[in-house]
Amino acid sequence: MSMHSRYRRLSILLSCFLIACGGGGGSGSTSAELQTQSSSRQLNLCEQMPAQASSPVQLAPNAGRANPYQRSGNPIADLNGFTNGIRTELGLPTLSINAEISNAAAAHSSYMASNNILTHYETAGLPGFTAATPHERIDLNFTPTLSYSGEIASSMSGNGSTADNAIRALFDAPLHRIVMLSEYESMGSGYARSSTGVDYATQDYANYQPSIADFAIVAYPYANSTRITAAWENTETPNPMADTPFSRGTVGYPITLQGNFGSKLTLGQFKVYANCSSEVALTVRSHDNDPSIVQAENVLLAVPNQVLNPNTRYTVWVTGYYLSSSQSLQPFDLRWSFSTN
């Protein structure tokens, strides 16, 4: 079921304020769909891939752990619980829930609800104003020195408007997902409903906690993951499908890769094969080619131009270069598979 059929309105917005903000993406190019046949049978495209090159750059270990999250119906508990649950599933440390950051997030959700606007920026004089930017709002409340900060926000209304659905939609959006899986130390969430029935969710993040090793790549969907959603309703800002015929609407489920803060990923190629028999048409983004969309350097992402097929195994093949914070440059050749539900 697409998000469009479940929700009357959903909008999501991203802001990332970091000293070394991780980001990334591909080339903004659209690859052609490839159907290859050999006489009486279809070629196995996975068998046509060359031998995998050796490299210290590998997919991060431990993905696929049990996810402890269960929806509670309490908006704040669900916002925080989902984020820490998915981090646990991917083998990343959970974020501590900080009351001061929670206050900043709650105040901003109230501001958005009071003014019926989805935004990261507040205007002095409007109801609920605390500070102009996410970094300033967190810094007002946060006792330690604030170095790294980030914020994601959404608005939702209609049937299915819950904090659980809001945070799931934020995670499905690739640029927001990157923030949720980044190397933060603490987080806090806020949730408020406007007089017109629109729910506004905010999740704020603060400071740096090393959690992704050098030359490790966190990928989602991760290797051997199953029951991955086939479709994604793109309402994300920034828009990862900007300047394509697929700019808004229903497309395939996004694929993201990210290194640690301070690393840089340079894309060679990004390919996805359906059941090893056909190549999936993608819109690929990277910081090198799309810095206005992918504002950080440690991320690559690809969005299938069409909804994925159900009950299908998808093989991902990504090559490129990883530059560590210590300026060690290593090539990578990553291959893994996931399955749709």
| field | Label point 7 Å beyond Cα of Ser72 along Cβ direction - residues of region 202-216 with amide nitrogen under 18 Å | value | 202-204
| Hey, of (1) 59, 50, 34; (2) 63, 43, 38; (3) 69, 47, 37, which did the structure itself give for Cα extents along the principal axes in Å when calculated? | (3)
| query | Taking the mean number of other Cβ atoms within 10 Å as a proxy for protection, how do you rank 47-53, 225-231 from highest to lowest? | reply | 225-231, 47-53
| message | Could you tell me which residue out of Ala216, Tyr184, Thr250 lies farthest along the dipole of the chain toward its positive end? Charges go on the beta carbon: Lys and Arg +1, Asp and Glu -1, centred on the Cα centre. | response | Thr250
| request: Could you give the size of the charge dipole of the chain about its Cα centre, using +1 on the Cβ of each K and R and -1 on the Cβ of each D and E, expressed in debye and rounded to the nearest 20? | output: 860
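Quick check on the exposure proxy: order Trp336, Trp232 from fewest to most C-beta atoms within 10 angstrom.
Going from least to most buried by this count: Trp336, Trp232.
Relative contact order (percent) for region 229-341, with alpha-carbon contacts under 8 angstrom and 6 or more residues of separation? Provide the component values of the computation, followed by the final result.
Numbers: 248 pairs, mean separation 33.8, N = 113.
Contact order relative to length: 30 percent.
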| note | Per GNM of the chain with C-alpha springs under 10 angstrom, the most fluctuating residue out of Arg65, Arg168, Arg285 is Arg65
| field | Fluctuation leader among Thr244, Thr145, Thr312 - the chain, Gaussian network, Cα springs under 10 angstrom | value | Thr145
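Is it possible to state the helix-based mean residue ellipticity at 222 nm for the chain, with each DSSP H run of 4+ residues giving -39500 (n - 2.57), the sum divided by total residues, to the nearest 500 deg cm²/dmol? What is it?
Values: 7 runs with 65 residues, N = 341.
Helix contribution divided over all residues of the chain: -5500 deg cm²/dmol.
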| message | Please rank Ser325, Ser155, fewest neighbouring Cβ atoms within 10 Å first, as an exposure proxy. | response | Ser325, Ser155
| said: Can you sort Lys271, Lys264 from fewest to most other Cβ atoms within 10 Å of each residue's own Cβ? | reply: Lys271, Lys264
| request: Can you find, among Ser278, Asn116, Val57, the residue farthest towards the positive end of the dipole of the chain? Put +1 on the C-beta of Lys and Arg, -1 on that of Asp and Glu. | output: Ser278
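Only the coordinates and a few stated rules stand behind these numbers; no lab work does. Because the structure is a prediction, the values reported are computed rather than measured. We place every Cβ from the backbone using ideal geometry, glycine too, and count neighbours over all the protein chains shown.
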